[in-house]
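S.K.: Structure below; questions to follow.
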Amino acid sequence: MTKSTRPTVEQHPEKGEPRVSAEATLNSIGDAVLSTDVDGNVTFLNLAAEAATGWSREVALGQPLDEVFHIINRDTREAAPNPVRLAIQLNNTVGLTPNCVLVRRDGQEVEIEDSVAPIRDRDGRVTGAVIVFRDAAISHQLWRQMSYLAQHDSLTGLPNRVLLNDRLTESVALARRRHKPLAVLFLDVDGFKTVNDSFGHAAGDTILKAIAAQLRACLRQPDTVSRYGGDEFVIVLSEIEQAKDALLVAKKLVKAVSVPHRIDRRDVTISASVGIALYPEHGGDAETLIGCADTAMYHVKHGREDNCQLFDPHMNAPARAGQLSRSRR
């Protein structure tokens, strides 16, 4: 009868409480684990190692490591040095030689990341080694996913403040070298709190995602649109010739946002206010430009009939003194 490789549960000898075996624990993790004796013969594979190498544990037990864990140099196609021998020799943890790939039992090649550590008994004598490895492609994919999530808004998929700051800093540096202007637009959706209060946050999220798509559709490839927070968006126009170009784009964005949104069989029309700051006229770094555009947007919300406003240095005094207030989400 074939021995089951499913997790086993043992009873605690005194308390009768279930205790998961070490084997079951190793079978439940995502990393592949393979161990050998001091002579380099395989003594254990967990389920992930079986899948990675193409060898079942029953067949692999007692086999030389080079047979089961067959690694070659990707460039020369020659057999790579056995990491187990090195770990046992040095009595220390070692990593895989660069440019190595694992050749599965079926001949497929897999790029892996691994580490090898010696196994010691209670007296400190080396009795074997354990290899922990994973598919490098999966690791790289997870890293890319984590990097994307760290730099993008989870709701709209737009760049968040972190990525916005990086892109704007790069755009400023490029504009400085080319002696060209650029514009930063700060767009705030008017009365968005009322939408949330009237239709619920789910409806509000739907509208924000629609607005994000509308803003993207209005811009050129070199431009950046970011969700700055709540119902606020920051747009970087990296290639403009003069201030009126930024004003034209701002009006285009306001018009796009004002398209009616269908919520609960009703058309909900919203509007937006946009403040504009220019490099180098209004600032030479990302923080200053965003702050100036935000200040200009404050003034749009308080008294101007137009939905767009270019920053003016005289705006700073009342804004910083707290004489303006604005409805925030």
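The values are calculated or read from the model by the stated rules, or taken from the named source; none is laboratory data. These numbers were taken from a predicted model, which means no experiment stands behind them. Because the Cβ atoms are built from the backbone with ideal geometry, glycine has one as well, and the counts that use them run over all protein chains shown.
S.K.: Please work out if PRO280 is over 30 Å from the mean Cα position of the chain (by Cα) and under 21 Å from ARG176 (Cα atoms).
M.R.: Details: over 30 Å from the mean Cα position of the chain (by Cα): yes; under 21 Å from ARG176 (Cα atoms): yes.
Taking the combined requirement at face value, the residue satisfies it.
S.K.: Answer yes or no as to whether ASN91 is under 21 Å from ARG120 (Cβ atoms) and buried (at least 21 other Cβ atoms within 10 Å of the Cβ).
M.R.: Criteria not met by ASN91.
S.K.: Pairs needed: first member in the range 187-209, in the same structural domain as ALA246 (by TED's automatic domain parsing); second member anywhere, hydroxyl-bearing (Ser, Thr, Tyr) and in a loop (DSSP other than H, G, I, E, B); C-beta distance under 8 Å; at least 6 residues apart or different chains.
M.R.: Listed by first residue and then by second, the contacts come to VAL189/SER271; ASP190/SER271; GLY191/SER271; GLY191/SER327; LYS193/SER327; LEU208/THR156; LYS209/THR156.
S.K.: For the range 54-72, check the following and say yes or no: at least one residue is part of a loop (DSSP other than H, G, I, E, B), on the phi > 0 side of the Ramachandran plot and modelled with pLDDT of 90 or more. If you could, list the steps in order and put the result at the bottom.
M.R.: Residues of the range 54-72 that are part of a loop (DSSP other than H, G, I, E, B), as a first pass: 54-56, 61-63, 69.
Next, from what is left, pick out any that are on the phi > 0 side of the Ramachandran plot: 54, 62.
Now drop any that are not modelled with pLDDT of 90 or more, which leaves 54, 62.
Yes: the range 54-72 contains one or more residues that are part of a loop (DSSP other than H, G, I, E, B), on the phi > 0 side of the Ramachandran plot and modelled with pLDDT of 90 or more.
S.K.: Could I ask something else about it? Out of (1) free of Cβ contacts under 8 Å to residues at least 60 places away in the same chain; (2) assigned to a helix (DSSP H, G or I), what's the single condition that is false for ASP267?
M.R.: Going through the list (1) free of Cβ contacts under 8 Å to residues at least 60 places away in the same chain; (2) assigned to a helix (DSSP H, G or I), ASP267 breaks only (2).
S.K.: Could you grab the pairs with beta carbons closer than 6 Å, sequence gap of 6+ or different chains, first residue in the range 140-159 and modelled with pLDDT of 75 or more, second one of a type in the set (Lys, Arg)?
M.R.: ASP153/ARG227; THR156/LYS209; THR156/ARG227; LEU158/ARG227
S.K.: Continuing with the same structure: When you go through (1) touching an Asp or Glu at 6+ places or on another chain (Cβ under 9 Å); (2) over 14 Å from VAL189 (Cα atoms) one by one for HIS261, which number turns out not to apply?
M.R.: (2)
Yes or no, residue by residue, for (1) in contact with a Ser or Thr (Cβ under 8 Å, 6 or more places away or on another chain); (2) within 29 Å of THR295 (Cα to Cα); (3) in the same structural domain as THR53 (by TED's automatic domain parsing):
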{"residue": "VAL126", "(1), (2), (3)": "no, no, yes"}
{"residue": "LEU158", "(1), (2), (3)": "yes, yes, no"}
{"residue": "VAL162", "(1), (2), (3)": "no, yes, no"}
{"residue": "GLU170", "(1), (2), (3)": "no, yes, no"}
{"residue": "LYS180", "(1), (2), (3)": "no, yes, no"}
{"residue": "THR224", "(1), (2), (3)": "yes, yes, no"}
{"residue": "GLY230", "(1), (2), (3)": "no, yes, no"}
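S.K.: Any residue that is aromatic (Phe, Trp, Tyr), surrounded by 13 or more Cβ atoms within 10 Å (Cβ to Cβ), more than 19 Å from GLU113 (Cβ to Cβ) and touching a Leu at 6+ places or on another chain (Cβ under 8 Å) - is there at least one of those in the range 54-65?
M.R.: Within the range 54-65, the first condition is being aromatic (Phe, Trp, Tyr), and the residues that meet it are 55.
Filter once more, keeping what is surrounded by 13 or more Cβ atoms within 10 Å (Cβ to Cβ): 55.
Now drop any that are not more than 19 Å from GLU113 (Cβ to Cβ), which leaves 55.
Now drop any that are not touching a Leu at 6+ places or on another chain (Cβ under 8 Å), which leaves 55.
Checked against the condition, which is being aromatic (Phe, Trp, Tyr), surrounded by 13 or more Cβ atoms within 10 Å (Cβ to Cβ), more than 19 Å from GLU113 (Cβ to Cβ) and touching a Leu at 6+ places or on another chain (Cβ under 8 Å), the range 54-65 yields at least one hit.
S.K.: Looking at (1) surrounded by 12 or more Cβ atoms within 10 Å (Cβ to Cβ); (2) outside the structural domain of SER56 (by TED's automatic domain parsing), can you tell me which one SER147 breaks?
M.R.: Among (1) surrounded by 12 or more Cβ atoms within 10 Å (Cβ to Cβ); (2) outside the structural domain of SER56 (by TED's automatic domain parsing), SER147 violates only (1).
S.K.: Oh, and also: Tell me which of these ALA87 doesn't satisfy, since it passes every other one: (1) among the small types (Gly, Ala, Ser); (2) part of a helix (DSSP H, G or I); (3) within 22 Å of the chain's Cα centre (by Cα).
M.R.: Unmet condition: (3).
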